[in-house]
Amino acid sequence: SQQGEEDPQALSIQEGENATMNCSYKTSINNLQWYRQNSGRGLVHLILIRSNEREKHSGRLRVTLDTSKKSSSLLITASRAADTASYFCATGHRDDKIIFGKGTRLHILP
Amino acid sequence: SQTIHQWPATLVQPVGSPLSLECTVEGTSNPNLYWYRQAAGRGLQLLFYSVGIGQISSEVPQNLSASRPQDRQFILSSKKLLLSDSGFYLCAWSVLAEGTSYNEQFFGPGTRLTVL
């Protein structure tokens with residue numbers, strides 16, 4: 001079963017603009033993680049935010065978590081062509097299970 | 001440093017044939033291990049996860065099975081493949097960081113399976 005639902009499904013923006021992707025989930029979580037996948041490759045972990053945290057930064061990435069709304073957002077600032085990829089949110093649970101959403105396909109236009 | 005290996009990288013199999021995909025992890029002990037499937041253009045579907053040798057949890061009832069014969073080896077199998085088994089199979093590992101309640105997953109390069 002899938003828990004996270006990313007929004008939008010696909011996003012195209014101009015290089016240099018900011019990209020925002022959202023994730024909603026249904027049940028309680030221990031943490032929420034964001035991953036990136038380049039076409040045909042494995043996933044790469046980007047950032048993890050714990051259930052008791054509200055915001056986290058890593059380089060050009062900013063993640064927020066609102067447990068009352070069961071939602072998270074990933075912001076990529078000053079986008080680059082190399083940011084073109086699919087981005088997945090994943091919820092971490094007490095039983096060590098990690099459940100992924102369907103992903104957002106991000107395309108950075110030159 | 002830890003590394004995760006998956007093989008083969010690509011596989012083309014006829015319907016009804018058996019399947020065996022292998023995943024091994026190096027540089028860590030007692031990892032949690034996961035098998036995911038990703039259909040073309042879709043998200044990841046958790047198939048199996050294991051918290052220890054011989055301990056397998058199945059998330060989706062289907063014709064696939066998983067085994068963990070050794071601490072750092074995870075095998076995905078099928079006795080008879082279906083067309084719907086085509087997809088990109090990813091293995092991942094994680095270790096619960098001491099004193100924390102979270103685990104980050106590290107993914108292998110994946111196996112692209114085409115069932116004809």
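The values are calculated or read from the model by the stated rules, or taken from the named source; none is laboratory data. Keep in mind the model is a prediction, meaning the values are calculated, not measured. Note: ideal-geometry Cβ built from the backbone for every residue, glycine included; neighbour counts use all protein chains shown. Remember, those area values only see protein heavy atoms, side chains included, never the ligands or the DNA or RNA. Shrake-Rupley method; radii C 1.70, N 1.55, O 1.52, S 1.80 Å.
Some notes on this structure:
- Of B:Ala39, B:Ala92, B:Ala66, the residue with the greatest mean-square motion in the GNM of chain B, using alpha carbon springs below 10 Å, is B:Ala39.
- 20 Å Cα-Cα threshold exceeded, pairs from A:Lys102/B:Lys80; A:Lys26/A:Lys69; A:Lys26/A:Lys102; A:Lys97/B:Lys80: A:Lys102/B:Lys80; A:Lys97/B:Lys80
- Accessible area buried, both sides summed, chains B and A with 1.4 Å probe, Å²: 1900
- Of B:Ser50, B:Ser17, B:Ser77, the one that fluctuates the most in a GNM where chain B has Cα springs shorter than 10 Å: B:Ser17
- Reciprocal of mean inverse Cα separation for the stretch B:26-91 (Kirkwood radius, Å): 12.5
- Its Cα centre serving as origin, the protein assembly as shown has a Cβ charge dipole (Lys and Arg +1, Asp and Glu -1) of approximately 280 debye.
- Counting protein heavy atoms only, the protein assembly as shown has 49 percent of its accessible area on carbon and sulfur, 1.4 angstrom probe.
- Between A:Leu75 and B:Trp7, the simple spin-label model (points 7 angstrom out along Cα→Cβ) gives 4.6 nm.
- Mean projected area of the Cα convex hull of the stretch A:5-109, taken over all directions, amounts to 6.2 nm².
- Neighbourhood charge, 9 Å Cβ-Cβ cut-off, centred on A:His45 and excluding it, Lys, Arg +1 and Asp, Glu -1: 0
- Inter-site label distance for A:Thr67 and A:His107 at 7 Å from Cα along Cβ, in nm: 3.9
- Listed by chain and number, the aspartates and glutamates whose alpha-carbon sits under 18 Å from that of B:Lys79, ignoring those within fewer than 8 places in the same chain, are B:Glu22.
- Estimated D of the stretch B:3-115 in µm² per second, where Rh is the Kirkwood radius over Cα pairs and Stokes-Einstein applies at 37 °C, 0.692 mPa s: 231
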